[in-house]
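S.K.: Submitted below is the structure of interest, expressed as structure tokens.
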Amino acid sequence: MNEYKTILVTGGAGFIGSNFVKYMLENHPQTKIVNLDLLTYAGNLENLNDIEENENYVFVKGDIRDKELVKNLFDEYDFDAVVNFAAESHVDRSIEEPEIFLTTNILGTQNLLDNAKAHWQIGTDNEGYPIYRDNVRFHQVSTDEVYGALGKEGMFTEETPLSPNSPYSASKASADMISRAYNNTFKLPVTITRCSNNYGPYQFPEKLIPLMIGNVLELKDLPIYGDGMQIRDWLHVKDHCSGIDTVLHHGKDGEVYNIGGNNEKANIEIVDLIIENTKKDLEENTYEGIDTNPDDITEDLKIHVKDRLGHDKRYAIDNTKITSELGWSPSYTFEDGIVETINWYLENQDWLDNVRSGDYQAYYENMYSKK
């Protein structure tokens, strides 16, 4: 088992990254976490208010593409590990603005790899390969979208050929390949995880679940792409964090591990569950700042909008490798997780209102168009 004194977490103010930072500080209190985040629209330091006084936590605002900054951080903090969450991550935006996805997700990852290689190398072997100090690791956080789409049957395994269908997934597949190449060419200790769709606290409300919860509370239209039968495997963010932690400390260098939640749901089924459970929660509880009448929450809020270009129909993760080799397994069923998630958003209206006050609302009102 690897133990790390100081970990660089990139993108740690985003949804998954902020949950991971807090998970690590709670479960590895001896480890120092340095969070590097550019604070683009989806990065939010409010996600981390409860740990900002933690002596083992440091926040640095900056870009993973900034070579001088990243080098200086390695020199100052002497990282043992890097966990790279930093990425432009929304498919719709990648269709509109692909260039920023390519530069951030690919060149940014390469910059991190270069600095890790340079900082950790202590010599070369007889064949000229770098030798690195003990207990170091670069961990690349990826997505099941790099595999493309599935038919009605089958699941993605770690051996599934990469076949990305959007600029976003193509950029993430490229980052995976760069990471793999540094492991193969330079023997850099690298692991990669590919996860299914995450949900849970602090998710930016452009994503399906928080978007629908927010719209339900305001009795706005619930826009569903196409027929709504796009199927995804859903993974609670806390399960994702524990999976990454498991790979970081126990995974084998050069290996890819799929992290899935064993919860396949169609998008329209997700929307129906949000309608049902939000209505039920508001019937049973009252929340400061919420005056939505539960009787007004009905399926009539659902509308079908023009489908996304190149929209993959189905993803499903086979997580046998991580469960059998490393002993990890998800702890959440989707039915329990969605109730907890809805309740979190109802109890954190200030957070949701603050996040939604940016450019997101105008962007999505422009993106969606009724059939």
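S.K.: What residues have an amide H closer than 5 Å to that of I259, excluding those fewer than 5 places away on the same chain, when H is modeled at 1.01 Å from N in the peptide plane?
M.R.: For I259, whose amide H was placed from the backbone, the distant partners under 5 Å are R194, C195, S196.
S.K.: Which pairs in the list K220/K265; K187/K207; K22/K306; K67/K265; K22/K252; K279/K313 are over 32 Å apart, alpha-carbon to alpha-carbon?
M.R.: K187/K207; K22/K306; K67/K265
S.K.: In whole Hz, with x marking every Gly and Pro, tabulate ³J(HN,Hα) for the stretch 56-63 from phi via Karplus 6.51 cos²θ - 1.76 cosθ + 1.60, θ = phi - 60°.
M.R.: So the J values, rounded to whole Hz, are 9, 10, 10, 9, 10, 7, x, 9.
S.K.: Within the stretch 214-246, what residues put their amide N at less than 19 Å from the label point 7 Å along the Cα-to-Cβ vector of E46?
M.R.: 214-219
S.K.: Can you compute the FRET efficiency between T292 and N184 using 1/(1 + (r/R0)^6), with r the Cβ-Cβ distance and R0 = 35 Å? Round to the nearest 0.05.
M.R.: Efficiency computed from Cβ-Cβ geometry: 0.05.
S.K.: Name the residues whose placed amide hydrogens come within less than 5 Å of the amide hydrogen of Y132, ignoring near sequence neighbours (fewer than 5 apart) on the same chain.
M.R.: Counting only residues 5 or more places away or on other chains, the set is I122.
S.K.: Kindly work out what percent of the DSSP beta bridges joining two residues of the chain are antiparallel, to the nearest 5. List each step's numbers first, then the result.
M.R.: Numbers: 7 of 44 bridges.
Approximately 15 percent, going by the DSSP bridge assignments.
S.K.: Considering only DSSP beta bridges with both partners in the stretch 1-148, what is the antiparallel share in %, to the nearest 5?
M.R.: 15 percent
S.K.: Under the Kirkwood approximation for Rh and a Cα-based Rg, what ratio Rg/Rh is obtained for the chain?
M.R.: Rounded to two decimals, Rg over Rh is 0.97.
S.K.: Label-point separation (nm) for D221 and L39, each offset 7 Å from Cα along Cα-to-Cβ?
M.R.: Rounded to a tenth, the inter-label distance reads 3.5 nm.
S.K.: Something else now. Please give the net charge around R137, taking every other residue with its beta carbon less than 15 angstrom from that of R137, where Lys and Arg add +1 and Asp and Glu add -1.
M.R.: Every neighbour counted, the sum reads -1.
S.K.: Residues of the stretch 226-247 with amide nitrogen under 20 Å from the 7 Å Cα-to-Cβ point of Y77?
M.R.: So the set is 241-242, 244-247.
S.K.: Then there is this: Could you pull out the GluC sites (Glu not before Pro) across the stretch 131-238 that fall in loop regions by DSSP (anything but H, G, I, E, B) with no more than 12 other Cβ atoms inside 10 Å? Don't skip to the answer; put the middle values down first.
M.R.: On the way: sites: E145, E153, E158, E159, E206, E218; in loops: E153, E158, E159, E206, E218.
Counting only loop positions with at most 12 other Cβ atoms within 10 Å, the GluC sites (Glu not before Pro) in the stretch 131-238 are E153, E159, E218.
S.K.: Send over the semi-axes of the stretch 143-196's equivalent ellipsoid, whole angstrom and largest first, taken as the square roots of 5 times the C-alpha gyration tensor eigenvalues. Please list the in-between numbers first.
M.R.: On the way: eigenvalues 100, 31, 14 Å².
For the stretch 143-196, the ellipsoid semi-axes come out as 22, 12, 8 Å.
S.K.: Where in the stretch 51-149 are there trypsin sites (Lys or Arg not before Pro) that are in a DSSP coil and have at most 16 other Cβ atoms within 10 angstrom of their Cβ?
M.R.: Here the sparse-neighbourhood loop sites are R133.
S.K.: Can you tell me which aspartates and glutamates have their Cα less than 18 Å from the Cα of K5? Leave out same-chain residues fewer than eight positions away.
M.R.: Candidates past the 8-residue exclusion: E26, E55, D75, E76, D78, D80, D134, D245.
S.K.: So, one more: Nearest 500 deg cm²/dmol is fine: what mean residue ellipticity at 222 nm does the chain get from its DSSP H runs of n ≥ 4 alone, each adding -39,500 (n - 2.57), divided by its residue count?
M.R.: My calculation for the chain gives -12000 deg cm²/dmol from helical runs alone.
S.K.: How many angstrom lie between the C-alpha centres of the stretch 31-75 and the stretch 279-318?
M.R.: Centre-to-centre (Cα) distance: 33 Å.
S.K.: With only Lys, Arg, Asp and Glu charged, each at its Cβ (+1 for the first two, -1 for the last two), find how big the charge dipole of the stretch 7-72 is about the Cα centre; round to the nearest 20 debye.
M.R.: That gives the stretch 7-72 a dipole magnitude of about 320 debye.
S.K.: Along its principal axes, what span do the Cα atoms of the stretch 227-371 show, with the longest given first and each in whole Å?
M.R.: For the stretch 227-371, the Cα spread along each principal axis is 51, 37, 28 Å.
S.K.: Okay, next question. Kindly provide the Kirkwood hydrodynamic radius of the stretch 1-136 in Å, to one decimal, from all pairs of distinct alpha carbon atoms.
M.R.: That comes to 15.7 Å for the stretch 1-136.
Coordinate-derived values only; no laboratory data. All values derive from a computational prediction rather than experimental measurement. Methodologically, a virtual Cβ is constructed for each residue, glycine included, from the backbone with ideal geometry; neighbour enumeration extends over all protein chains shown.
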